[in-house]
Amino acid sequence: MTKTVDVSQETAAILDKLGVARSAWTGGDMASFSPVSGEEIARLKTVSAAETATAIEAAHAAFKEWRLVPAPKRGELIRLLGEELRAAKEDLGRLVSIEAGKITSEGLGEVQEMIDICDFAVGLSRQLYGLTIATERPGHRMMETWHPLGVVGIISAFNFPVAVWSWNAALAIVCGNPVVWKPSEKTPLTALASQAIFERALARFGAAPKNLSQVLIGDRTIGEALVDHPKVALVSATGSTRMGKEVGPRLAKRFARSILELGGNNAGIVCPSADLDMALRAIAFGAMGTAGQRCTTLRRLFVHESVYDELVPRLKKAYASVSVGNPLETSALVGPLVDKLAFDGMQKALAAAKAEGGNVSGGERVAEAGKETAYYVKPAIVEMPKQAGPVLEETFAPILYVMKYSDFDAVLEDHNAVGAGLSSSIFTLNMQESERFLAADGSDCGIANVNIGTSGAEIGGAFGGEKETGGGRESGSDAWRAYMRRATNTVNYSKALPLAQGVTFDI
Ligand code: UN1
């Protein structure tokens with residue numbers, strides 16, 4: 001017997017414990033639901049477009065002060081945020097499970113990702129390096145300096161409701177910028193909780209300007225207001241390619257910066273020499289983990305004909321036996337889909353795959369006792385005769401399309417023949433194949449892996465992808481540069497005024 005969790009009660013207890021005021025999530029105009037039980041768990045107050053503009057002005061006032069605080073001192077605030085997140089890990093992780101439906105270890109893993117980026121950003125706060133550049137003029141020095149950019153707008157999706165905020169917020173704040181966050185309408189409570197945790201760090205930090213971090217609860221009009229406001233210097237938006245197609249041009253129109261992290265249609269290639277045991281585990285986590293609701297989820301699998309008949313039956317067995325269930329009450333590996341829309345989208349894609357000659361296993365709804373409005377499904381594995389129809393699109397659900405290949409060059413072509421370009425994997429022990437996959441004419445994605453799956457990236461690398469994935473990079477490496485403006489400075493310490501390129505202009 002497993003214990004029955006009262007989702008609403010537990011939500012309330014966690015929010016109280018994390019210090020989120022009840023007035024923020026009771027009696028409001030926007031209902032929020034838990035995909036675990038399908039029940040309403042809160043009613044949040046939304047803000048208007050006018051209130052959004054006021055919030056942005058307030059953030060801009062904070063920017064004027066915060067940009068003058070030395071970067072290592074700004075890092076101290078993020079160090080404290082990391083400490084507060086460590087203390088709140090269990091509660092926030094649990095709330096992620098309640099609100100996004102993630103299994104326990106993935107809910108906790110998401111908070112760990114927040115802690116990791118805080119650690120990274122603290123180190124970064126002493127490493128916002130600019131180059132010193134050789135100048136062609138005697139008695140001159142040329143260098144670049146990196147300055148804070150301005151208000152950073154963050155639009156995040158339901159599937160990583162808090163980590164994506166932290167990638168952006170930790171970097172933006174260390175780089176001298178306030179943040180204004182519009183979380184997904186499906187996951188507003190984890191946003192309020194993250195803000196409460198941030199405010200605890202802020203209280204310990206002491207002298208910081210007000211409104212360094214704000215959360216705006218509301219629908220797409222809030223996102224639009226962020227995108228269009230002249231005092232928002234950068235919008236980092238995570239979500240569908242459709243959303244990015246609207247956000248990108250609107251920002252470009254006013255020459256604002258964007259970091260777009262949009263859809264993925266990630267593939268793996270299993271080569272003849274692959275370690276099949278390892279590949280099996282990596283594929284299972286990549287394709288079924290988070291119920292297929294990561295932007296990095298493995299969606300297409302190309303298996304060499306020489307290992308197809310060995311690997312694919314084993315994969316199908318893993319699919320048939322994977323545990324699907326309530327992430328709060330069981331140790332199931334696959335939790336619910338976020339809502340009915342996601343379920344309908346999955347069924348539509350499976351029907352389309354059948355019409356293209358696909359052989360579907362799984363995909364049916366799994367009944368959870370007494371939870372008619374929750375959508376649990378068996379992950380689906382679909383053998384496809386070729387890459388066509390729904391295989392070319394991202395469906396945000398656990399569907400893995402499997403295709404047989406014989407020629408390496410041809411499979412690379414197929415691998416790259418989709419709109420998105422986020423993540424990719426090859427399973428091989430042959431270095432010619434693995435190096436080719438990582439070469440200029442190999443995978444065209446922002447993330448290309450060897451012998452690990454497509455999902456579960458560490459924060460130390462730059463995260464993002466090409467083509468319809470939007471081209472933005474967040475998180476590690478030098479992604480911080482997007483949150484700062486670069487000035488090239490040339491200083492003349494001589495008594496002459498030589499002009500560059502040998503130009504003379506004697507008056
Ligand atoms: C996302 O799904 O939007 O690499 C982000 C991963 C995670 C982040 C996913 N670290 O799967």
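List of remarks:
- Residues of the range 427-444 classified as more than 16 Å from the ligand (Cβ to nearest atom) and in contact with a Ser or Thr (Cβ under 6 Å, 6 or more places away or on another chain), total: 5
- Look at (1) surrounded by fewer than 20 Cβ atoms within 10 Å (Cβ to Cβ); (2) among the charged types (D, E, K, R); (3) within 10 Å of the ligand (Cβ to nearest atom) and you find that Asp277 fails only one, number (3).
- Among residues of the range 139-196, those that are in contact with a helix residue (DSSP H, G or I) (Cβ under 9 Å, 6 or more places away or on another chain) and part of a strand (DSSP E or B), counted: 11
- Scan of the range 151-182 for residues that are in contact with a Leu (Cβ under 7 Å, 6 or more places away or on another chain), over 22 Å from Glu83 (Cβ atoms) and either more than 16 Å from the ligand (Cβ to nearest atom) or not assigned by the TED database to the domain that holds His229 (or both), ordered by number: Val152, Gly153, Val180
- Residue in the range 322-341 that is polar (S, T, N, Q) and outside any loop (DSSP other than H, G, I, E, B) present: no
- Taken over the range 197-223, the residue count meeting the criterion of being touching a residue at least 60 places away in the same chain (Cβ under 8 Å), outside any loop (DSSP other than H, G, I, E, B) and of a type outside the set (S, T, N, Q) is 10.
- Count of the range 445-493 residues which are part of a strand (DSSP E or B), within 14 Å of the ligand (Cβ to nearest atom) and of a type in the set (S, T, N, Q): 2
- Residue-level analysis places Phe285 among those that are aromatic (Phe, Trp, Tyr) and within 16 Å of the ligand (Cβ to nearest atom).
- For the range 303-314, a residue qualifies if it is surrounded by fewer than 23 Cβ atoms within 10 Å (Cβ to Cβ) and touching a strand residue (DSSP E or B) at 6+ places or on another chain (Cβ under 8 Å), and the qualifying residues are His304, Glu305, Val307, Tyr308, Leu311, Val312.
- Just one of (1) touching a residue at least 60 places away in the same chain (Cβ under 8 Å); (2) of a type in the set (A, V, I, L, M); (3) farther than 30 Å from Thr241 by Cβ; (4) surrounded by 15 or more Cβ atoms within 10 Å (Cβ to Cβ) fails for Met288. It is (3).
- Failed item, numbered, when Ile41 is tested on (1) of a type in the set (A, V, I, L, M); (2) in contact (Cβ under 8 Å) with a residue 40 or more places away in the chain; (3) part of a helix (DSSP H, G or I): (3)
- Output for the range 96-136, where each listed residue is out of contact with any Pro (no Cβ under 8 Å at 6 or more places or on another chain), surrounded by fewer than 21 Cβ atoms within 10 Å (Cβ to Cβ) and part of a loop (DSSP other than H, G, I, E, B): Gln127, Tyr129, Gly130, Leu131, Ala134, Thr135, Glu136
The values are calculated or read from the model by the stated rules, or taken from the named source; none is laboratory data. Please read these numbers as outputs of a predicted model, since none were measured by experiment. In this analysis, Cβ positions are derived from the backbone assuming ideal geometry, glycine residues included, and neighbour counts consider all displayed protein chains.
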